[in-house]
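The values are calculated or read from the model by the stated rules, or taken from the named source; none is laboratory data. What you are looking at is a predicted structure, and each value in this text was computed from that prediction instead of being measured. Using ideal geometry, Cβ is built from the backbone for each residue, glycine included, and neighbour counts are taken over all protein chains shown. The area values use the complete protein model at the heavy-atom level, side chains included, leaving out ligands, DNA and RNA. Shrake-Rupley method; radii C 1.70, N 1.55, O 1.52, S 1.80 Å.
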Amino acid sequence: MIQLLLDNRDLFITGFLHTILLFVLAGLGALVLGTLLAAMRVSPVPALRLLGTGYVTIFRNTPLTLVFFFFAFAYPRLELVDVSFFTRAVLALAMYTAAFVCEVVRSGINTVDVGQFEASRALGFTFSQTLTTIVVPQAIRSVVPPMTSVLNSLLKNTTIAAGFSVLEAGQITPALSERGAPLLIGMFWIAVGFGILVVPLTATQRALEKRWSVAR
Amino acid sequence: MSAPATADPPMIRMVGVHKHFGSLHVLRDINLDVARGEVVVVLGPSGSGKSTLCRSINRLEPIDEGRIEIDGTPLPEEGRALARLRADVGMVFQQFNLFAHKTIAENVELAPVRVRRISRPDAHAAAMQLLTRVGISDQADKYPAQLSGGQQQRAAIARALAMRPKVMLFDEPTSALDPEMVQEVLDVMTALAREGMTMLVVTHEMGFARRAAHRVVFMSDGEIVEDSAPDQFFTAPRSERAKDFLGKILTH
Ligand SMILES: Nc1ncnc2c1ncn2[C@@H]1O[C@H](COP(=O)(O)OP(=O)(O)O)[C@@H](O)[C@H]1O
Ligand SMILES: [Mg+2]
């Protein structure tokens, strides 16, 4: 079993490196975009609220494969900026995941008592000051567990990029079968690889939860 | 007490103000001036629109029609100008609404530092002075949840005063308190009134109204039904609705 891993380490290493890169880039993109969308959805400006709601409704109800199809096949026809498959895969994952991040952040914001918003606004804080100094610090504790599971799904969703010529962990199996290696063992190692990738995610969740529960 | 006479623009001016919640007409043609240094108590049955009136003054509730001015300046639309104006209008809520993740001292310092750009040491010194003034300087490092209701409300008053507001709005500041804590909060408010702070106070505390108010405004069904001196209102109310209301309150 180990032999298969060693013989094909080039595949495994490139595959998982790409997975990690996809995950980190798409994850950061989704966190930033999703938080912005959440801010839009709770903002006092109706047009922004509508835009945020529209985005979330569309992306939450579209299968991820369809989003990938769009970026793989429809995007080039738009003749916008020509970008690599890898970049398009990052975009697809980030934009899709942002809708879920938005909903996690928004429901976290909703756990904060409306009186906290009112007191903050009454003191003269701007909308963004209210969010950053009063609301988000109180929302974070309830946000961390669901956010971890959103990022967990993102990690697994990176395998869909395999169907679109990005060599990441999900493409290791087909590549192995081309080399005539036993698939079951290959899959076993891929599962182990994903298992290992989840560890830092869970550890971060624990650390954050601990930190914010002490800070009340 | 007689109202201080002044030639300045009124601190609060409401002209022809209307407000609806859906089909519910909660403020009907409200016309109200509060002069600089004046203390006005707003009375009225539950649901008569007192909170909405109070909250419309710093635009926590936007109005549908009419005009509201603070110290001669019309209320701006939502945005930075409104935030600046709100900084000059202190507000005290029934539920205190202290920031749960900040200590009492931090609650008082936060807005002066972030909104007024006062240095943290200066803001802290001012906060400690204010906490001493409301009698809870020994609670400065605790979190709101560790304080009694009366202490929390006094901290909330200190937080509002830290912005050096031109006017203070109180929306039933003692209604959420256990009876034994009402007086400590009223004492702070009475002292504030004596120092000349302009105040609009929604309350059912008749003692406070008699002692500290220059005027009593009685609301019913979204309208201002009476606007008179406290003595006159309590001894000789003009309207049936006010008589009815006083009858219920005083027998309690
Ligand atoms: N956000 C809101 N949405 C709908 N109706 C409201 C809202 N706030 C208050 N109301 C209604 O408006 C009326 C006046 O409320 P309020 O100003 O709180 O009265 P009061 O403070 O005198 O008890 C009540 O009938 C109340 O139910
Ligand atoms: Mg009320």
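For segment A:121-131, the candidate set comprises residues that are farther than 18 Å from B:Ser56 by Cβ and facing chain B (nearest Cβ under 10 Å); within that set, the residue that is most open to solvent (accessible area, probe 1.4 Å) is A:Phe127. When B:Glu180 is tested against (1) in contact (Cβ under 8 Å) with a residue 40 or more places away in the chain; (2) over 13 Å from the mean Cα position of the chain (by Cα), only condition (1) is not met.
Applying a threshold of 6 Å to beta carbon distances and a minimum spacing of six or more residues, or different chains, the list of pairs starting in segment B:43-62 at a residue that is touching a residue at least 12 places away in the same chain (Cβ under 8 Å) and ending at one that is near ligand 1 (Cβ under 6 Å from one of its atoms) and outside any loop (DSSP other than H, G, I, E, B) reads B:Gly44/B:Lys50; B:Gly49/B:Val26; B:Thr52/B:Val26; B:Glu61/B:Thr52. Just one of the listed residues (B:Ile63, B:Ile57) is away from ligand 2 (no atom under 16 Å from the Cβ) and either more than 10 Å from every other protein chain (Cβ to nearest Cβ) or under 20 Å from B:Phe218 (Cβ atoms) (or both), namely B:Ile63.
Taken over segment B:198-233, the residue count meeting the criterion of being open to solvent by less than 20 Å² (accessible area, probe 1.4 Å) and either of a type in the set (Phe, Trp, Tyr) or free of Cβ contacts under 8 Å to residues at least 40 places away in the same chain (or both) is 5.
Can you give me the number of residues within segment A:74-98 that are hydroxyl-bearing (Ser, Thr, Tyr) and touching a residue at least 12 places away in the same chain (Cβ under 8 Å)?
3
How many residues, within segment B:128-142, are at negative phi and either among the acidic types (Asp, Glu) or open to solvent by 30 Å² or more (accessible area, probe 1.4 Å) (or both)?
Initially, segment B:128-142 is screened for residues at negative phi, giving B:128-134, B:136-142.
Still in the list and also either among the acidic types (Asp, Glu) or open to solvent by 30 Å² or more (accessible area, probe 1.4 Å) (or both): B:128-129, B:132-133, B:137-138, B:141-142.
Residues meeting the conditions: 8.
Against the numbered list (1) in a loop (DSSP other than H, G, I, E, B); (2) open to solvent by 40 Å² or more (accessible area, probe 1.4 Å); (3) within 14 Å of chain A (Cβ to nearest Cβ), B:Ala145 comes up short only at (1). Residues in segment A:175-187 that are open to solvent by 40 Å² or more (accessible area, probe 1.4 Å) and touching a helix residue (DSSP H, G or I) at 6+ places or on another chain (Cβ under 9 Å) were compared, and the one that is modelled with the highest pLDDT is A:Ile185. Applying the selection to segment B:13-33, what residues are within 16 Å of ligand 2 (Cβ to nearest atom) and surrounded by 14 or more Cβ atoms within 10 Å (Cβ to Cβ)? Scanning segment B:13-33 gives B:Lys19, B:Val26, B:Leu27, B:Ile30.
In segment A:99-117, the residues that are within 13 Å of another protein chain (Cβ to nearest Cβ) form Cβ pairs under 6 Å with partners that are small (Gly, Ala, Ser) and open to solvent by less than 30 Å² (accessible area, probe 1.4 Å), at six or more places apart or across chains, as follows: A:Val112/A:Ala139. For the criterion of being open to solvent by less than 40 Å² (accessible area, probe 1.4 Å), aliphatic (A, V, I, L, M) and more than 10 Å from chain A (Cβ to nearest Cβ), B:Leu85 fails. Among the residues examined, B:Leu169 qualifies as open to solvent by less than 50 Å² (accessible area, probe 1.4 Å), at pLDDT 95 or above and touching a strand residue (DSSP E or B) at 6+ places or on another chain (Cβ under 6 Å).
Regarding segment A:72-86, can at least one residue be identified that is of a type in the set (S, T, N, Q) and surrounded by 14 or more Cβ atoms within 10 Å (Cβ to Cβ)? So far as segment A:72-86 goes, no, none of its residues is of a type in the set (S, T, N, Q) and surrounded by 14 or more Cβ atoms within 10 Å (Cβ to Cβ). I'd like the residue in segment B:45-77 that is within 8 Å of ligand 1 (Cβ to nearest atom) and of a type in the set (Ser, Thr, Tyr) and, out of all such residues, is surrounded by the fewest Cβ atoms within 10 Å (Cβ to Cβ). Per the stated criteria, the residue is B:Ser46. Within segment B:118-142, the set of residues being within 13 Å of another protein chain (Cβ to nearest Cβ) and farther than 17 Å from B:Lys102 by Cα comprises B:Ile118 only.
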